[in-house]
Ligand SMILES: Nc1ncnc2c1ncn2[C@@H]1O[C@H](COP(=O)(O)OP(=O)(O)OP(=O)(O)O)[C@@H](O)[C@H]1O
Ligand SMILES: [Mg+2]
């Protein structure tokens, strides 16, 4: 079962963090892995606000042969012209450190990103137990 949360304000980022933590606990992740996925979620939610004027995230606990949490962030912002460049540490078009996207990838077991300039960005991450 998936649940969708809006990401429009800093309070929404707090809510996303709380729900991701709860679902990570539910899926049996240890404390370190919980924190990894919460941190990754936080970075992706913040990017949606900072660069796309907000978005949504679909949260899902996976309870199959493997257990884990899957998060899909979607926005209808300007998109990312060069995803490979955006993933590089230190690359930013804003005021950040340029570490969020690459960090989120490193903190995840699986990471995929699709972005279409003029349409938006979709980032999917999974953290397996
Ligand atoms: N959802 C998005 N829509 C449009 N552009 C994005 C989105 N997410 C990231 N980007 C682009 O990718 C760049 C790199 O993102 P990243 O999160 O790594 O760094 P940052 O947000 O600039 O800084 P930090 O996350 O370290 O505070 C951003 O500066 C922005 O240009
Ligand atoms: Mg960022």
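The values are calculated or read from the model by the stated rules, or taken from the named source; none is laboratory data. As the structure is a computational prediction, the values presented were derived from the model and not from experiment. Note that we place each Cβ from the backbone using ideal geometry, even for glycine, and neighbour counts take in every protein chain shown.
General observations
- Count of segment 68-90 residues which are within 8 Å of ligand 1 (Cβ to nearest atom), buried (at least 16 other Cβ atoms within 10 Å of the Cβ) and either farther than 21 Å from residue 117 by Cα or free of Cβ contacts under 8 Å to residues at least 40 places away in the same chain (or both): 2
- Qualifying residue in segment 80-94 (condition: more than 13 Å from ligand 2 (Cβ to nearest atom) and within 27 Å of residue 30 (Cα to Cα)): no
- Selection status of residue 17, over 18 Å from residue 112 (Cβ atoms), in contact (Cβ under 8 Å) with a residue 12 or more places away in the chain, in a helix (DSSP H, G or I) and under 14 Å from the mean Cα position of the chain (by Cα): yes
- Residues in segment 44-67 that are crowded, with 22+ Cβ neighbours inside 10 Å and in contact with a helix residue (DSSP H, G or I) (Cβ under 8 Å, 6 or more places away or on another chain): 44, 45, 47, 55, 57.
- In segment 116-129, the residues that are more than 12 Å from residue 41 (Cα to Cα), surrounded by fewer than 19 Cβ atoms within 10 Å (Cβ to Cβ) and in contact with a strand residue (DSSP E or B) (Cβ under 6 Å, 6 or more places away or on another chain): 120, 122, 128, 129
- Of all residues in segment 30-51, those that are under 13 Å from residue 120 (Cα atoms) and within 15 Å of ligand 2 (Cβ to nearest atom) have Cβ atoms under 8 Å from Cβ atoms of residues that are in a helix (DSSP H, G or I) and at pLDDT 95 or above, 6 or more apart or on another chain, in 47/100; 47/101; 49/10; 49/12; 49/13.
- Here residue 115 fulfils each of the conditions (1) outside any loop (DSSP other than H, G, I, E, B); (2) near ligand 1 (Cβ under 10 Å from one of its atoms); (3) closer than 19 Å to residue 10 by Cβ apart from (3).
- Applying the condition of being under 27 Å from residue 92 (Cα atoms) and away from ligand 1 (no atom under 13 Å from the Cβ) to segment 19-43 and asking which residue is surrounded by the fewest Cβ atoms within 10 Å (Cβ to Cβ) yields 35.
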